[in-house]
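S.K.: Quick one: structure below, then a few questions.
The values are calculated or read from the model by the stated rules, or taken from the named source; none is laboratory data. Remember, predicted model here, so these are calculated numbers, not experimental data. Don't worry about glycine lacking a Cβ; one is built from the backbone with ideal geometry, like all the others, and counts go over all protein chains shown.
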Amino acid sequence: MGVAVFYSACQKNGAKPQSTTTTPSVNQASSAIGKNLAQSLVGAFGGASIKDGVNPSTTFKAPSKIKTQSNDYGCGFYTDTSLNLVWNQGDSLKATKSGGYSYFFVCNNNATIGYNLVDSINTAGSGPGYAYVYDVVQKYTVRGLNTNNSNFSLNGTMKSFTDNHYTKPVSFASVHVTYSFTNLYVHGDDSFDITSGNATFVSKGTTNGGGWEYSGTLRFLGNHKAQMTFLNHEYLVDLTTGATTPN
C-alpha cells in the first residue's frame with residue numbers, strides 16, 4: 001500500500017508554469033513519467049515485473065484468495081481469466097485487484113526459455129487520507145538469451161495508468177503512460193539492469209498544477225539509467241528510484 005503515496009511528488013511544488021496557463025513545467029512532467037516507468041517495470045502497480053525473468057509473475061499468484069484455473073505451468077498455455085483478490089487490513093486499508101492474464105510458455109528440451117504474456121490488471125484501494133486506482137495492460141514477448149536465462153530480452157507494450165487522490169491536503173495526481181519497448185536486454189545477475197534497448201511513450205497527466213500530453217523516446221543505457229527525450233528536452237532517469245535530472 002506504500003506505493004499509493006509514491007506519486008505525491010507530482011503535486012505542485014512551487015515551480016512556475018511554462019506560460020500563463022495551468023500547464024505544469026516540463027520538469028514536473030518528466031518526474032512523473034520517470035517514476036511511472038521505474039515502478040511499472042517492476043510490477044509496483046499490479047502487472048508483471050522484469051524481475052520475474054522468464055517465469056510467471058508472483059504478482060498473479062500470491063494469496064490463496066486469488067481464483068485460479070491452474071496452479072501449474074509448463075510448455076504451452078497457462079491462463080487465469082478470473083483474478084479476484086480482496087485485501088483488507090483492519091477498517092482503514094482496503095484493496096481489490098481484478099482482471100486476467102494469459103501466458104504462452106516457450107520451451108527447449110522441456111525447459112522454459114521464455115514466454116508471451118497478455119494481461120489486464122486493475123487495482124483499486126484506499127487508506128486514511130488517500131484513494132487510488134491502477135490500471136495496467138501488458139503485451140510482452142520475453143526470451144532467455146543464455147543457458148540459465150539470467151540474460152533475457154523483452155519486447156512489447158505496456159499501459160500504466162495511475163490515479164491518486166489525497167484528502168490531507170486535498171490534491172490529486174493522474175499519470176497515464178503507454179510504452180512500446182524494443183529489444184530491451186535485461187541482465188538478471190546485475191539486479192535486472194536493462195543494459196540496452198529503446199522505447200517510445202505517450203503520456204497524459206493531470207495534477208493540481210495543471211495537465212500535459214507529451215510523447216517521447218527512451219534509450220536504456222545500463223547502470224540502471226535511461227535517457228528520456230521529449231519536446232527537445234533530455235533527462236536522465238534513475239530506474240531504481242524513478243528520479244529524473246536534466247541531461
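S.K.: ALA131 - would you say it is small (Gly, Ala, Ser) and crowded, with 20+ Cβ neighbours inside 10 Å?
M.R.: Against the criterion (small (Gly, Ala, Ser) and crowded, with 20+ Cβ neighbours inside 10 Å), ALA131 does not qualify.
S.K.: Still on this structure: Hey, can you tell me all the residues within segment 196-247 that are touching a Pro at 6+ places or on another chain (Cβ under 9 Å), of a type in the set (A, V, I, L, M, F, W, C) and under 23 Å from LEU154 (Cβ atoms)?
M.R.: Passing the criteria: only LEU236.
S.K.: Please specify each residue of segment 140-154 satisfying the condition of being buried (at least 17 other Cβ atoms within 10 Å of the Cβ) and in a strand (DSSP E or B).
M.R.: TYR140, VAL142, GLY144, ASN151, PHE152, SER153, LEU154
S.K.: Against the condition assigned to a strand (DSSP E or B), out of contact with any Lys or Arg (no Cβ under 7 Å at 6 or more places or on another chain) and modelled with pLDDT under 90, how does PHE104 come out, does it pass?
M.R.: Here the answer is no, as PHE104 does not meet what is asked.
S.K.: Here is a further query. What is the number of the single condition among (1) modelled with pLDDT under 50; (2) under 24 Å from PHE192 (Cα atoms); (3) touching a helix residue (DSSP H, G or I) at 6+ places or on another chain (Cβ under 8 Å) that ILE66 does not meet?
M.R.: (2)
S.K.: Across segment 182-225, what is the number of residues that are more than 18 Å from GLY34 (Cβ to Cβ) and not small (Gly, Ala, Ser)?
M.R.: Qualifying residue count for the region: 9.
S.K.: For VAL170, work out the one condition from (1) under 25 Å from SER57 (Cα atoms); (2) over 16 Å from the mean Cα position of the chain (by Cα) it doesn't fulfil.
M.R.: Going through (1) under 25 Å from SER57 (Cα atoms); (2) over 16 Å from the mean Cα position of the chain (by Cα) one by one, VAL170 breaks only (1).
S.K.: Which ones in segment 178-200 are buried (at least 19 other Cβ atoms within 10 Å of the Cβ) and in contact with a Leu (Cβ under 7 Å, 6 or more places away or on another chain)?
M.R.: PHE181, LEU184, VAL186, ILE194, GLY197, ALA199
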